[in-house]
1. Taking the chain as a Gaussian network, Cα atoms linked when under 10 Å apart, which of 162, 16, 113 shows the biggest mean-square fluctuation?
2. Taking springs between alpha-carbon atoms closer than 10 angstrom, which of 166, 191, 96 fluctuates most in the Gaussian network model of the chain?
3. What is the dipole size for the chain, taken about its Cα centre, with +1 at each Lys and Arg Cβ and -1 at each Asp and Glu Cβ, in debye to the nearest 20?
4. Any idea what angle helix 136-148 forms with the longest principal axis of the chain, computed on alpha-carbon atoms, 0 to 90 degrees, nearest 10?
5. Which angle from 0 to 90°, rounded to the nearest 10, does the C-alpha axis of helix 111-120 make with the longest principal axis of the chain?
6. Among DSSP bridges having both ends in the chain, what percentage is antiparallel? Round to the nearest 5.
7. Given the options 104, 82, 169, which has the most mean-square fluctuation in a GNM of the chain, springs set between C-alpha atoms less than 10 angstrom apart?
8. Once the dipole of the chain is set up with Lys and Arg at +1 and Asp and Glu at -1 on Cβ about the Cα centre, which of 131, 20, 167 lies farthest towards its positive end?
Amino acid sequence: MSFELSLDQVSRTFGSRRALKPLTASVSTGQVMVVTGPNGSGKSTLLKIVARLMRPTSGRVTWRSDGKELGIEASRTLLGMVSPDLTLYDELTAIENLAFFSRVRGVAGTRASSERILAELGLAGRGDDLVGAFSSGMKQRLKFAFALMHRPRLLLLDEPTSNLDEQGVLMVRGLIEAARNDTCIVIATNEPEEVLWGDFVIKLGT
């Protein structure tokens, strides 16, 4: 299944403040689009608009699968997102967090599948530990488990290597390369190394 994301003159204002200047761009399955720019240029705002968590003030965001336009109901099952704004539940275990988010998405999830992806992300044997006891880097890895466990067609990564050590950064790079053949990927970052991961780069605030 091919997926295409199209942005047509998408912008966002909050009152009199322009958070995102009009942007036109597109990215499809097999491609990685990197969005960069100074703080306050609208990177996180853009990803929220793309994820359909926020409406643009003007312009249009279109999702297509095999050429067919998709409605907002497709967001739950086709979208994977890693973001500083994603809240994990400290009072639940890693397995319980993944089970909860699977139910919210309306997709099937089993303990075995959760344990498998936790192992892939370097969290083997930690599924029954409370997330409140996790380090910030471990929580970032768990966010990737949440984003990838249902094999999304659109993957949005806002500051993807935040709180990760060198091994974790290499893990993220490997995940992106493994996912890109079946996934449309958008990365928001100011990290010079991560900017190089894209097939093309959108610079905001210029």
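1. Ranking 162, 16, 113 by mean-square fluctuation puts 16 first.
2. Answer for the Gaussian network model of the chain: 166.
3. On the way: 25 positive and 23 negative charges, 176 e Å.
Dipole about the Cα centre, nearest 20: 840 debye.
4. Compared with the principal axis, the helix lies near 70 degrees.
5. 70 degrees
6. On the way: 18 of 35 bridges.
If I count the DSSP bridges inside the chain, around 50 percent turn out antiparallel.
7. Answer for the Gaussian network model of the chain: 104.
8. In the chain, that residue is 20.
Computed from the coordinates by the stated procedures, all read-outs in this text should not be read as laboratory data. If you're wondering where the values come from, they're calculated on a predicted model, not measured in any experiment. Because the Cβ atoms are built from the backbone with ideal geometry, glycine has one as well, and the counts that use them run over all protein chains shown.
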